[in-house]
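Undergrad: Structure in structure tokens, see below.
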Amino acid sequence: MISLSDFKHEHSPHSVAVSVKDLGLTYTTSIDKKPTLKARLKTLGRGKKHTRIVRALNDVSIDVHYGTVLGIIGSNGAGKSSLMRVISGIVPPTQGRVEVYGSVSTLLALGVGFNPSMTGRDNVYLGGLAAGMSREEIDANFDAIADFSELGEAIDAPMRTYSSGMYARLAFSVAAVVEPDILIIDEALSTGDAKFKEKSLNRIKELRTADRALILVSHALATIEDICNEVVWLNKGTLMMRGNPTEVIAAYREFVNARKSASSDEDV
Amino acid sequence: MEKPVVVYEPFRAGLPPMREYMRSLWSRRTFISEFSRSELREQNYGSVFGQLWLILNPLLLSAVYFLLIYVIGGSSDANRFGHLTASLFLFYLIANSLTGGVKAITSGQRLILNTSFPRVMLPISATVIALFKFIPTLVVFVAIHAIIGLPYSWQMLWAIPILFIALVMALGMAILISCINVYFRDISSMLPYLTRSLLYLSPILYEATNVSDRIKTLEIANPIFFLLDSWSRVVVHAQAPSMNGLIHASVWALFLFITGTYFFLSRERDFAVRL
């Protein structure tokens, strides 16, 4: 909840950026549709709650240091996105404690805050402001964003006329100019065609500096192995393994293969 | 070792650190205006005809209601029409704020699940949108006021504090109802009945002076009764508002704003899980 311009201090490499201690997260979801007053009145006095408890994270402890690029892997439902949401302050933890030492920018989904009825240009401002940039920062970076997105004149067309690839390209471009201390990216590398994918990957590599911490969530194991210098493997909310990318990925592959679902997981 | 910038711990109902929250809210003020603008654009108010509709819509509405009171009441005069338009326009500021606010959080799901920001920005935008829609109607009323030859006086400056009270009340209602709707989603379908009742229970189709004292006592429970009465006295009759009316409106506005904000801020960290 801190805007990016608030904390622009230097971080010494190897100091802690994010510290996650004994983190537990349980969701209570209602089984039957939406929570309504009617449903609440109906169950009144019966003492029966129509809820199901989901343990999304279980005793997870991770320290992320400045200068690290941490990759997070795991199959669907492993708790990767939940962990990212807790670190970025969107969902409060149920147990444990998360300490964040710097400004965080999250790229959990592309085009958050975009309004399809507005032009690409308006949405650059809208998306940038939603990401916590100031209007001046966006003004200064606007040309860079437009260039990076390769949209050309389409930037002044309403976004509802965009193809999904164009939409994703603009969304990534807005996010790519933000330069926070800690950057969290969830599955956002897989946008656009092969050429744009390579370009966004290069941008991520540029962001790897000693005074920044990057956390990447992806199913693209080859990419993770290429970019990250540390990998965490989550499975069903628990930390399975953490360490050298090659070793963790090898162990994960073996685990997945044992469950005979390898084909479904290597998916960019 | 450095001090942590932010610490996230298990959710407890309670207010977040207020200074930090307010600073964060203030730093996002441009987002609020840009977001409201884009929502208005979405509702087609970006074009010339869209903006014309903003003026036509309240005018047509007041024409319909004027017809109604003419048919029921038998007689009508210019004052009556002035009162009707002035009250109806202010009423719509509050009603639009409520209808925009009720879905502010539930429809902002994507934004809430993927970015961290003070959630109260969303109902604030709903009120800002309602205000944007109110301003053209104010211009229309100034024109009507001149055309039908209603009186002018310095007492009309009271309109400024009254508008301010109305805005605080509209904001408080938007914040409160957006929060309630997260927990009870059927509130949004009950809302039309609520606003309709407010419309009929408030001095809009009739004047407060026509109401019996017994009913007037009961109207203490209606947050906007004396607010609308004061508004009509000031802008239509160019008289000073009654102090009791102003106090009643201010107390309700503050009560709604404080309880709404308190509930909202103490629960907002829980919203992401509930959506």
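A short reminder: the numbers here are calculations on the coordinates, not readings from a lab. Because the structure is predicted, anything quoted here is derived from the model rather than measured. Cβ coordinates were reconstructed from backbone atoms using ideal geometry, including for glycine residues, and neighbour counts include every protein chain displayed.
Undergrad: Rounded to the nearest angstrom and ordered from largest down, what semi-axes does the equivalent ellipsoid of chain A get from its C-alpha gyration tensor (root of 5λ)? Write down the numbers at each step before the final one.
TA: Working: eigenvalues 188, 133, 83 Å².
Equivalent-ellipsoid dimensions as semi-axes: 31, 26, 20 Å.
Undergrad: Peptide A:19-29: average number of partner chain Cβ atoms within 10 Å per residue? Intermediate values should be presented prior to the final figure.
TA: On the way: counts 2, 1, 0, 0, 1, 1, 2, 1, 2, 2, 2.
Across A:19-29, the average partner-chain Cβ count within 10 Å equals 1.
Undergrad: Taking Rh as the Kirkwood radius computed over C-alpha pairs, what is the Stokes-Einstein D of region A:114-268 at 10 °C in a medium of viscosity 1.306 mPa s, expressed in µm² per second?
TA: 93 µm²/s
Undergrad: Kirkwood-based Rg over Rh for region B:31-274 (C-alpha set), two decimals? Numbers along the way, then the final one.
TA: Values: Rg = 18.4 Å, Rh = 18.8 Å.
Computed over Cα atoms, the ratio is 0.98.
Undergrad: What average number of partner chain Cβ atoms lie no more than 10 Å from the Cβ of the residues making up B:113-123?
TA: Details: counts 7, 15, 15, 13, 10, 1, 1, 0, 1, 0, 0.
That works out to 6 on average.
Undergrad: Let me ask something additional. So what's region B:29-118 giving for Cα Rg divided by 2.2 N^0.38 Å, two decimals?
TA: Numbers: Rg = 18.0 Å, N = 90, 2.2 N^0.38 = 12.2 Å.
Relative to the rule-of-thumb radius for its length, region B:29-118 sits at 1.48.
Undergrad: Which of the listed residues, B:204, B:237, B:72, is farthest toward the dipole's positive end in region B:31-274, when Lys, Arg count +1 and Asp, Glu count -1 at the beta-carbon?
TA: B:204
Undergrad: Tell me the relative contact order for region B:31-274 as a rounded percent, counting alpha carbon contacts under 8 Å between residues six or more apart. Please list the in-between numbers first.
TA: Working: 286 pairs, mean separation 66.2, N = 244.
This gives 27 percent for region B:31-274.
Undergrad: Which log10 I(q)/I(0) values does region B:60-169 give at q = 0.10, 0.15 Å⁻¹ under the Debye formula, counting every alpha carbon as one identical point scatterer?
TA: Result of the Debye calculation: -0.41, -0.76.
Undergrad: For region A:115-202, what D do you get in µm² per second when you plug the Kirkwood radius from alpha-carbon pairs into Stokes-Einstein at 37 °C and 0.692 mPa s? Don't skip to the answer; put the middle values down first.
TA: Details: Rh = 13.1 Å.
My calculation gives 251 µm²/s for D.
Undergrad: Further question: Find which of A:175, A:140, A:113 sits farthest along the positive direction of the dipole of region A:113-179, computed with +1 on the beta-carbon of Lys and Arg, -1 on that of Asp and Glu, about the Cα centre.
TA: So the residue furthest toward the plus end is A:113.
Undergrad: Turning to a different aspect of this structure: With the Cα gyration tensor of the protein assembly as shown in hand, give its eigenvalues times 5 under a square root as the equivalent ellipsoid semi-axes, listed largest first in whole angstrom.
TA: Working: eigenvalues 521, 135, 83 Å².
Gyration-tensor ellipsoid for the protein assembly as shown: 51, 26, 20 Å.
Undergrad: Hey, what's the Cα Rg ratio for region A:51-201 versus the globular rule of thumb, 2.2 N^0.38 Å?
TA: On the way: Rg = 16.9 Å, N = 151, 2.2 N^0.38 = 14.8 Å.
Here the Cα radius of gyration is 1.14 times the empirical estimate.
Undergrad: In debye, nearest 20, what is the charge dipole magnitude of region A:113-179 about its Cα centre with +1 on Lys and Arg Cβ and -1 on Asp and Glu Cβ, if you could check?
TA: Values: 4 positive and 10 negative charges, 71 e Å.
The calculation lands at about 340 debye.
Undergrad: What residue among B:105, B:137, B:165 has its Cα farthest toward the positive end of the dipole of region B:18-167, where the charges are +1 on Lys, Arg and -1 on Asp, Glu, each on the Cβ?
TA: Result: B:105, furthest along the dipole toward the positive end.
Undergrad: Then there is this: What fraction of the DSSP beta bridges in chain A is antiparallel, stated in percent and rounded to the nearest 5? Please report the intermediate quantities before stating the final value.
TA: Values: 22 of 39 bridges.
Counting DSSP beta bridges with both partners in chain A, the antiparallel share is about 55 percent.
Undergrad: Any of A:34/A:80; A:42/B:103; A:80/A:199; A:195/A:236; A:34/A:236; A:199/A:236 with alpha carbons more than 29 Å apart? Name them for me. Intermediate values should be presented prior to the final figure.
TA: Details: A:34/A:80 25 Å; A:42/B:103 24 Å; A:80/A:199 25 Å; A:195/A:236 34 Å; A:34/A:236 26 Å; A:199/A:236 33 Å.
Pairs exceeding 29 Å: A:195/A:236; A:199/A:236.
Undergrad: As a check on your grasp of the helix formula, calculate [θ] at 222 nm for the protein assembly as shown: sum -39500 (n - 2.57) over DSSP H runs of n ≥ 4, divide by the residue count, round to the nearest 500.
TA: Numbers: 21 runs with 285 residues, N = 543.
Counting only the DSSP helices, I get -17000 deg cm²/dmol.
Undergrad: Sticking with this one: Can you give the mean number of other chain Cβ atoms that lie within 10 Å of the Cβ atoms in peptide A:83-93?
TA: The shielding value for this peptide is 5.
Undergrad: In addition: Compute the projected area of the convex hull of the Cα atoms of region B:101-146, averaged over all viewing directions, and report it in nm² to one decimal place. All intermediate terms of the calculation are to be shown ahead of the outcome.
TA: Values: hull surface 14.8 nm².
In nm², the orientation-averaged hull projection of region B:101-146 is 3.7.
Undergrad: What dipole magnitude, in Debye to the nearest 20, does the protein assembly as shown give about its Cα centre under +1 on Lys/Arg Cβ and -1 on Asp/Glu Cβ? Kindly include the intermediate steps, with their values, before the conclusion.
TA: Working: 52 positive and 46 negative charges, 446 e Å.
Roughly 2140 debye for the protein assembly as shown.
Undergrad: At a 10 angstrom cut-off on C-beta neighbours, averaged per residue, how do the peptides B:225-236, A:152-163, B:248-259 rank from highest to lowest?
TA: Working: B:225-236: 25.7, A:152-163: 14.3, B:248-259: 18.2.
The most tightly packed comes first, giving B:225-236, B:248-259, A:152-163.
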